[in-house]
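Undergrad: Would you mind keeping the following structure in view while I ask a few things?
The values are calculated or read from the model by the stated rules, or taken from the named source; none is laboratory data. Only a predicted model underlies this, so the values are computations on that prediction, with no experimental measurement involved. As a convention, Cβ positions derive from the backbone with ideal geometry for all residues, glycine included, and neighbour counts pool all protein chains shown.
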Amino acid sequence: MDDIPFYYFAYGSNLPYLRMLKRTSPNLILKGKHAWPDHRLSFTKKSTDESVKCTVIASDGNVVWGAIYQLTAADKQRVARAEIGYHEVPLRLPVDGELKLGFTFVANADQIDTYLFPYTWYKRYVVAGAQEHHFPQDYIAQIEAVPARPDPKPERSASHEPLLLQLESALKFRTAPP
């Protein structure tokens, strides 16, 4: 069963390749990007750390951009364990010139909170991932415009800083889309 590929649509803090690599294994393969129509990105999934994370909400005329990652069964289980308060949603994703069955995670209805803000470090992952995958500039600007707040636990924020600096540094040296 481990040779069956699973196609994951990442749209939030799992967008950056290096972050996904830390959460999965060296078997991770980036297969491209995709725009999910009639949905929008929303920073409203409450987290156990008193902030919010990303989710996807149905919204006519809008689009959510995401990266398509090929995962092994073991990697899919690792990602699923990290997505507490989310449920798996099947999606048809363009992979290698054809539509294949994939999945993403969307927040459970009881996990929505419209009054909290994401932490600054979390939003930085989403922005860095959107830039890494060359999403449209207006889409990136919408993410950048989301209000965020500092994490009240500096040690938690500091634990993300090395990877965030690595991601942001790599973006500075990229000049053209692949």
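Undergrad: Could you list all residues from segment 89-116 that are part of a helix (DSSP H, G or I) and either among the aliphatic types (A, V, I, L, M) or touching a Cys at 6+ places or on another chain (Cβ under 6 Å) (or both)?
TA: If the condition is that a residue be part of a helix (DSSP H, G or I) and either among the aliphatic types (A, V, I, L, M) or touching a Cys at 6+ places or on another chain (Cβ under 6 Å) (or both), then 109 is the only one that fits.
Undergrad: Something else: Suppose we filter segment 117-148 for residues that are part of a loop (DSSP other than H, G, I, E, B) and not aliphatic (A, V, I, L, M); how many remain?
TA: Within segment 117-148, residues that are part of a loop (DSSP other than H, G, I, E, B) and not aliphatic (A, V, I, L, M) number 7.
Undergrad: Please find, within segment 70-118, the residue that is farthest from residue 35 (Cα to Cα) out of those that are among the aromatic types (Phe, Trp, Tyr) and within 15 Å of the chain's Cα centre (by Cα).
TA: Going through the qualifying residues, I end up with 86.
Undergrad: So, of the residues in segment 50-73 that are among the small types (Gly, Ala, Ser) and in contact with a His (Cβ under 8 Å, 6 or more places away or on another chain), which turns out to be farthest from residue 116 (Cα to Cα)?
TA: So the residue we want is 67.
Undergrad: In segment 1-24, what residues are among the β-branched types (Val, Ile, Thr) and buried (at least 19 other Cβ atoms within 10 Å of the Cβ)?
TA: The answer is 24, and nothing else.
Undergrad: Checking the structure you have, find out if any residue of segment 152-168 is under 19 Å from residue 39 (Cα atoms), out of contact with any Gly (no Cβ under 7 Å at 6 or more places or on another chain) and at pLDDT 95 or above.
TA: no
Undergrad: Does residue 59 satisfy being under 18 Å from the mean Cα position of the chain (by Cα), farther than 23 Å from residue 3 by Cα and small (Gly, Ala, Ser)?
TA: It is false that residue 59 is under 18 Å from the mean Cα position of the chain (by Cα), farther than 23 Å from residue 3 by Cα and small (Gly, Ala, Ser).
Undergrad: Something else: Condition (residue is surrounded by fewer than 17 Cβ atoms within 10 Å (Cβ to Cβ), aliphatic (A, V, I, L, M) and assigned to a loop (DSSP other than H, G, I, E, B)) applied to segment 66-88: is it met by at least one residue?
TA: yes
Undergrad: Also, quick follow-up: With the checklist (1) within 30 Å of residue 149 (Cβ to Cβ); (2) in contact with a strand residue (DSSP E or B) (Cβ under 8 Å, 6 or more places away or on another chain); (3) not polar (S, T, N, Q) in hand, flag the one item residue 22 doesn't pass.
TA: With respect to (1) within 30 Å of residue 149 (Cβ to Cβ); (2) in contact with a strand residue (DSSP E or B) (Cβ under 8 Å, 6 or more places away or on another chain); (3) not polar (S, T, N, Q), residue 22 is out only on (2).
Undergrad: Sticking with this one: When you go through 100, 31, 53 one by one, which is the residue that is of a type in the set (D, E, K, R) and surrounded by 21 or more Cβ atoms within 10 Å (Cβ to Cβ)?
TA: 53
Undergrad: Is there a residue in segment 5-16 that is assigned to a loop (DSSP other than H, G, I, E, B) and more than 14 Å from the chain's Cα centre (by Cα)?
TA: yes
Undergrad: Still on this structure: Give just the number: which of (1) touching a Pro at 6+ places or on another chain (Cβ under 8 Å); (2) of a type in the set (S, T, N, Q); (3) under 11 Å from residue 16 (Cβ atoms) does residue 166 not satisfy?
TA: With respect to (1) touching a Pro at 6+ places or on another chain (Cβ under 8 Å); (2) of a type in the set (S, T, N, Q); (3) under 11 Å from residue 16 (Cβ atoms), residue 166 is out only on (1).
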